[in-house]
Amino acid sequence: MKKGQNLTINGSGNYPGGSYDKVSIRGEGTIDGNIECSIFHIYGTGEALENVKTGSVKVLGESEVKGNLESSDMLVMGTMTIDGKAALGKIKILGTLEVGERLNGEVATIKGSISVGGDVEYEKFDLSGGFEIKGLLNADTITIGLRFGESTAEEIGGEKITIKRKTSLLPFVKEEGSLVVKVIEGDEIFLENTKADIVRGNLVKIGSGCQIGRVEYSNNFIQDKNSTVKMSEKI
């Protein structure tokens, strides 16, 4: 990546896009054009009006990218909004991530919430919290702990899919999360607190708190007595 000078914003104002080594916003800053940099750090409130291409993103405050974002790794401990597409290799979300279009990468670790307007594609997807995915969630390994609220996706696909209910870490909060999805398709599938029209897999285990319209399995199917499955078929 081509490197230039550092851009450090400690106050507030508008700054030009361009090629930088490190971009650091500690106050409130708006960057008008496309940005290409090695490091993109937001400690206050930062806004990029066009595309951002960087090696590393860290958000400890609030940030919005109006265009697309491409980065090798990202840490969000506040709120990050990307209006366009996001190609983020390795992400760790301890706050909130919102993506307007599609999200893809290699490893996703989420202990908060994400909202994505299109498809999500990762090799490994590990979430403890809640999510809203308007398209397909696809990963080799999907592990989801439903901690709060109602999570939604159009479809979920992968090799090994584990979706479990998870109680809050706070002792006075007894709420558990739930999932609503149209289709879940994988090799090994284990579900709790899930409402789905179709579940299709090789090994399918339906745990407690599920409402499933149809299960199609090729090897083995187990159902908890506290779940409802309208129809099951070995195919």
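Some observations on this one:
- Here Gly89 passes the criteria (1) under 25 Å from Glu132 (Cα atoms); (2) open to solvent by 20 Å² or more (accessible area, probe 1.4 Å); (3) in contact with a Gly (Cβ under 6 Å, 6 or more places away or on another chain) except the one numbered (2).
- Applying the condition of being β-branched (Val, Ile, Thr) and either outside any strand (DSSP E or B) or in contact with a Lys or Arg (Cβ under 6 Å, 6 or more places away or on another chain) (or both) to the range 208-235 and asking which residue is farthest from Leu179 (Cα to Cα) yields Ile235.
- Only residues that are under 19 Å from Val76 (Cβ atoms) and either assigned to a strand (DSSP E or B) or at pLDDT 95 or above (or both) were counted in the range 16-40, giving 12.
- Look at the range 147-160: where a residue is on the phi > 0 side of the Ramachandran plot, no partner that is modelled with pLDDT of 95 or more and assigned to a loop (DSSP other than H, G, I, E, B) sits 6+ places away or on another chain with Cβ atoms under 9 Å.
- Yes/no for Asn202 being open to solvent by 30 Å² or more (accessible area, probe 1.4 Å) and either farther than 19 Å from Asn138 by Cα or assigned to a loop (DSSP other than H, G, I, E, B) (or both): no
- The requirement of being under 23 Å from Glu155 (Cα atoms) and either under 16 Å from the mean Cα position of the chain (by Cα) or modelled with pLDDT of 95 or more (or both) is satisfied by Lys85.
- For the range 96-119, a residue qualifies if it is crowded, with 22+ Cβ neighbours inside 10 Å and closer than 18 Å to Glu150 by Cα, and the qualifying residues are Leu97, Ile110, Ile114, Val116.
- Unmet criterion (only one of (1) touching a Gly at 6+ places or on another chain (Cβ under 6 Å); (2) not in a strand (DSSP E or B)) for Gln5: (1)
- Residue, modelled with the lowest pLDDT, within the range 128-182, restricted to residues that are β-branched (Val, Ile, Thr) and surrounded by fewer than 16 Cβ atoms within 10 Å (Cβ to Cβ): Val173
The values are calculated or read from the model by the stated rules, or taken from the named source; none is laboratory data. All values reported here derive from a predicted model rather than from experimental measurement. Neighbour counts are summed over all protein chains in view; Cβ atoms, including those assigned to glycine, are modelled from backbone coordinates with ideal geometry. SASA here: full protein model, heavy atoms, side chains in, ligands and nucleic acids out. Shrake-Rupley method; radii C 1.70, N 1.55, O 1.52, S 1.80 Å.
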